[in-house]
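Scroll down for the structure; my scribbles are underneath it.
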Amino acid sequence: MKEEWALIRFGVDTGAQPLVSDTGDLALCVNGEIYNHVALRKSLKLPHKFKTHSDCEVLLYLYAEHGTGLCNMLDGMFSFALIDNSCTPSRIIAARDPIGITTLYQGWSSSQPGVVFFASELKALADDCDKIISFPPGHVYDSSTGKTERYFHPTWWDTDSTKPVPTTKADLKLLRETLEDAVRKRLMSEVPYGVLLSGGLDSSLIASIAARETEKVALELAQRRQRHLLVNGSSTPNHGPEEYPIASWPQLHSFSIGLPNSPDLLAARKAAAFLGTIHHEYTFTVQEGLDAIEDVIYHLETYDVTTCRASTPMYLLSRKIKAMGVKMVLSGEGSDEIFAGYLYFHAAPTPEDLHVECVKRVKNLHTSDCLRANKSTMAWGLEARVPFLDKAFLEVAMNIDPQEKTFGKKEFDEDGRPKMEKYILRKAFDCAPDGKPYLPDGILWRQKEQFSDGVGYSWIDGMKAQAEQVVSDEAFAKAEERYPVDTPDTKEAYMIREIFERLFPSEAAASTAVRWIPRKDWGCATDPSGRSVAIHEAAYEGSR
């Protein structure tokens, strides 16, 4: 294993890596967050001497007791490589979380046959390896067998002819409560946290749940201090991180970014006012975004157009957030893949086709939205957590009858609610169990805007205009000759590919990138922008 690990996760106090077992035989490099680490520590059968408070140290001792079976025991996001020096030869295992929220690459070098390389960033391997893959999510590699095998086997994963399409009707209460549980466990943090709030449905729901949970903890702590004051004359009770694991901010902080007066900024402002968050709003100019593109591609390590478009404002925002001292944010990635939220899904020929596409998109999240959320934030040392991709929530949401995920235009339910994209998710939170609605109607029933659109339509237009200036007609006419594999089909795609090639010139590096393209066989435009879909309220001229 190459000893270079580009994104090292440190414990809150003493988690410098590699983490080494109490016997000294095991060493671990890991990036991630294990939400059930306290329960896992308690489940260990043998006594072990923990050296840190890192939530990841438990992996060492789970491996000692369960081998590669530890992977299915983990609830969280992670990628790791572990060396067992008690064996001869040493045994190496490497694994990645079920959906690929964190990144992991595996490489081989013809000049060093028999050596396997692992890193959490492509750039750590690009100069040494002539074959590199993005390590598959939900898999574990074991050097003792030389095999990489899938350990994640959820009920919804397979979509072949032997697997029937789900027929379970949506249980709105279960859907709501499972998502609330997913947010709650991700708020277990000893560092200042916040939420990314675009004003769209997904981030606003996560912010709403997080605001409620933060308020509950703040209230409970205030009551505890008051009781302690009455009894002991002091307002500072003694309690440990296990008793109150959520970092106790009296109010939730929310963050949004966009071009001045962009759709997202206006909607986020409305959502934040309703939720009572301490809201931080940042604006950027098209030129600032264009100036950052090369840095963004350097950190993203992909040439996918929609990922680069959306990652740029997220990258700029992450720098601002980290400068405030916030170290973790919740984000809304995954909902569109789970609930068929992208507007092109309206063109699905059948509910069965829609379900297969949903499963495919969830399986490929590690190439697009997860990659964006992880790398745009981690470029500045900020950690993003994604509640929609919780294993328990996926088990509920992915087994819903796809007929309930279909949508069209100008269809309404018996309550007069529009049967629009992500209808069942919206409907699950269209209630007020404690007397207060989760969101105002204008946010709960707001049309889907892809992040790169919502930050301001002129951002994408600016990307295209820049490409027109820097990519000549002559160069674009020879695109297939220069890039015979995955040929760019627009000047914008050509421009991004050219920057990527300059930063990562090897063919091995280019082979790890995957382009996000809507279903052309459904009659969809190849442009990933939501505005290229006819049912979008601001659809490109001529696309209706």
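Quick test for you: out of Gly334, Gly289, Gly276, Gly325, pick the one residue that is open to solvent by less than 10 Å² (accessible area, probe 1.4 Å) and on the phi > 0 side of the Ramachandran plot. Lay out the reasoning, then the answer.
On the way: Gly289 fails: on the phi > 0 side of the Ramachandran plot; Gly276 fails: open to solvent by less than 10 Å² (accessible area, probe 1.4 Å); Gly325 fails: open to solvent by less than 10 Å² (accessible area, probe 1.4 Å).
Answer to the check: Gly334.
Looking at segment 281-295, can you tell me whether even one residue there is more than 18 Å from the chain's Cα centre (by Cα), assigned to a helix (DSSP H, G or I) and over 30 Å from Ser120 (Cβ atoms)?
First, the residues of segment 281-295 that are more than 18 Å from the chain's Cα centre (by Cα): 281-295.
Narrowing further to those that are assigned to a helix (DSSP H, G or I): 286-295.
In the following step, the residues that additionally are over 30 Å from Ser120 (Cβ atoms) were identified as 286-287.
Yes, segment 281-295 contains a residue that is more than 18 Å from the chain's Cα centre (by Cα), assigned to a helix (DSSP H, G or I) and over 30 Å from Ser120 (Cβ atoms).
With the requirement that a residue be aliphatic (A, V, I, L, M) and either in contact with a strand residue (DSSP E or B) (Cβ under 9 Å, 6 or more places away or on another chain) or within 26 Å of Ser189 (Cα to Cα) (or both), what does segment 361-396 give you?
Selection gives Leu365, Leu371, Ala373, Met378, Ala379, Leu382, Ala384, Val386, Leu389, Ala392, Leu394, Val396.
May I ask you to list the residues in segment 75-108 that are out of contact with any helix residue (DSSP H, G or I) (no Cβ under 8 Å at 6 or more places or on another chain), open to solvent by 10 Å² or more (accessible area, probe 1.4 Å) and not in a strand (DSSP E or B)?
Asn85, Ser86, Cys87, Thr88, Pro89, Ser90
For residues in segment 39-74 being more than 22 Å from Glu395 (Cβ to Cβ) and of a type in the set (Gly, Ala, Ser), which is most open to solvent (accessible area, probe 1.4 Å)?
Ala64
Output the residues belonging to segment 122-150 that are in contact with a Leu (Cβ under 6 Å, 6 or more places away or on another chain) and assigned to a loop (DSSP other than H, G, I, E, B).
Here is the first cut: in segment 122-150, the ones in contact with a Leu (Cβ under 6 Å, 6 or more places away or on another chain) are 132, 135.
Within segment 122-150, Phe135 is the sole residue that qualifies.
Go through (1) modelled with pLDDT of 95 or more; (2) outside any helix (DSSP H, G or I); (3) over 30 Å from Asn399 (Cβ atoms) and name the single condition Thr312 misses.
Condition (2) is where Thr312 drops out.
Among what's in segment 296-305 and is of a type in the set (Ser, Thr, Tyr) and open to solvent by less than 20 Å² (accessible area, probe 1.4 Å), pick the residue that is farthest from the chain's Cα centre (by Cα).
Filtering segment 296-305 for residues that are of a type in the set (Ser, Thr, Tyr) and open to solvent by less than 20 Å² (accessible area, probe 1.4 Å), the one farthest from the chain's Cα centre (by Cα) comes out as Tyr303.
With the condition being within 17 Å of the chain's Cα centre (by Cα), I'd like the helices (runs of 4 or more DSSP H) fully within segment 372-462 carrying at least 1 qualifying residues. Steps first, please.
Numbers: elements: 391-397, 423-428, 441-444, 451-454.
The qualifying helices (runs of 4 or more DSSP H) are 391-397, 451-454.
Please count how many residues of segment 254-273 are surrounded by fewer than 21 Cβ atoms within 10 Å (Cβ to Cβ) and on the phi < 0 side of the Ramachandran plot. Lay out the reasoning, then the answer.
Going through segment 254-273, the residues surrounded by fewer than 21 Cβ atoms within 10 Å (Cβ to Cβ) turn out to be 260-261, 266, 269-270, 273.
Imposing the further condition that a residue be on the phi < 0 side of the Ramachandran plot reduces the set to 260, 266, 269-270, 273.
So the answer is 5.
Which residue, of Lys147, Lys131, is touching a residue at least 40 places away in the same chain (Cβ under 8 Å), open to solvent by 40 Å² or more (accessible area, probe 1.4 Å) and in contact with a strand residue (DSSP E or B) (Cβ under 9 Å, 6 or more places away or on another chain)? Even if it seems obvious, please write down each step before you answer.
Details: Lys147 fails: touching a residue at least 40 places away in the same chain (Cβ under 8 Å).
The unique qualifying residue is Lys131.
So which of Leu28, Leu46, Leu70 is outside the structural domain of Asn374 (by the TED database) and part of a helix (DSSP H, G or I)? Give the steps one after another, and end with the answer.
On the way: Leu28 fails: part of a helix (DSSP H, G or I); Leu46 fails: part of a helix (DSSP H, G or I).
After ruling out the rest, the residue left standing is Leu70.
Considering only residues that are among the aliphatic types (A, V, I, L, M) and within 17 Å of Pro154 (Cβ to Cβ), look in segment 341-371 and name the one that is nearest to the chain's Cα centre (by Cα).
To start, the set of residues in segment 341-371 that are among the aliphatic types (A, V, I, L, M) comprises 343, 347-348, 354, 356, 359, 362, 365, 371.
Going one step further and asking which of them are within 17 Å of Pro154 (Cβ to Cβ), we end up with 356, 359, 362, 365.
Working: Val356: 21, Val359: 16, Val362: 11, Leu365: 8 Å.
Of everything passing the filter in segment 341-371, Leu365 is nearest to the chain's Cα centre (by Cα).
Just to be sure I understand, how many residues within segment 185-217 are part of a loop (DSSP other than H, G, I, E, B), out of contact with any strand residue (DSSP E or B) (no Cβ under 7 Å at 6 or more places or on another chain) and surrounded by fewer than 19 Cβ atoms within 10 Å (Cβ to Cβ)? Lay out the reasoning, then the answer.
Let us first name the residues in segment 185-217 that are part of a loop (DSSP other than H, G, I, E, B), namely 187, 190-192, 197-200.
Next cut, out of contact with any strand residue (DSSP E or B) (no Cβ under 7 Å at 6 or more places or on another chain) only: 190, 192, 200.
Remaining after also requiring surrounded by fewer than 19 Cβ atoms within 10 Å (Cβ to Cβ): 190, 192.
Of the residues in that region, 2 qualify.
Filter segment 301-338 down to the residues that are in contact with a Cys (Cβ under 9 Å, 6 or more places away or on another chain) and either more than 25 Å from Thr377 (Cα to Cα) or of a type outside the set (A, V, I, L, M, F, W, C) (or both) and list them by number. Talk me through it step by step, then tell me what you get.
The first filter runs over segment 301-338 and keeps only residues in contact with a Cys (Cβ under 9 Å, 6 or more places away or on another chain), leaving 302, 333-334, 337-338.
Those that are in contact with a Cys (Cβ under 9 Å, 6 or more places away or on another chain) and either more than 25 Å from Thr377 (Cα to Cα) or of a type outside the set (A, V, I, L, M, F, W, C) (or both): Thr302, Glu333, Gly334, Glu337.
Suppose we filter Phe476, Phe504 for residues that are closer than 27 Å to Leu125 by Cα and either in contact with an Asp or Glu (Cβ under 7 Å, 6 or more places away or on another chain) or not small (Gly, Ala, Ser) (or both); which single one remains? First the steps, then the outcome.
Working: Phe476 fails: closer than 27 Å to Leu125 by Cα.
Answer to the selection: Phe504.
This table checks each residue for (1) open to solvent by 70 Å² or more (accessible area, probe 1.4 Å); (2) not assigned by the TED database to the domain that holds Phe274.
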| residue | (1), (2) |
| --- | --- |
| Asp430 | no, yes |
| Gln447 | no, no |
| Val470 | yes, no |
| Ser506 | no, no |
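Report yes if Ser120 is open to solvent by less than 10 Å² (accessible area, probe 1.4 Å), of a type in the set (S, T, N, Q), under 20 Å from the mean Cα position of the chain (by Cα) and not assigned by the TED database to the domain that holds His299, otherwise no.
Numbers: open to solvent by less than 10 Å² (accessible area, probe 1.4 Å): yes; of a type in the set (S, T, N, Q): yes; under 20 Å from the mean Cα position of the chain (by Cα): yes; not assigned by the TED database to the domain that holds His299: yes.
In short, yes.
The values are calculated or read from the model by the stated rules, or taken from the named source; none is laboratory data. The shown structure was predicted, so the numbers you read here are calculated from the model rather than taken from an experiment. Neighbour counts are summed over all protein chains in view; Cβ atoms, including those assigned to glycine, are modelled from backbone coordinates with ideal geometry. Each accessible area value is taken on the protein alone, full model and side chains, heavy atoms only, with ligands, DNA and RNA left out. Shrake-Rupley method; radii C 1.70, N 1.55, O 1.52, S 1.80 Å.
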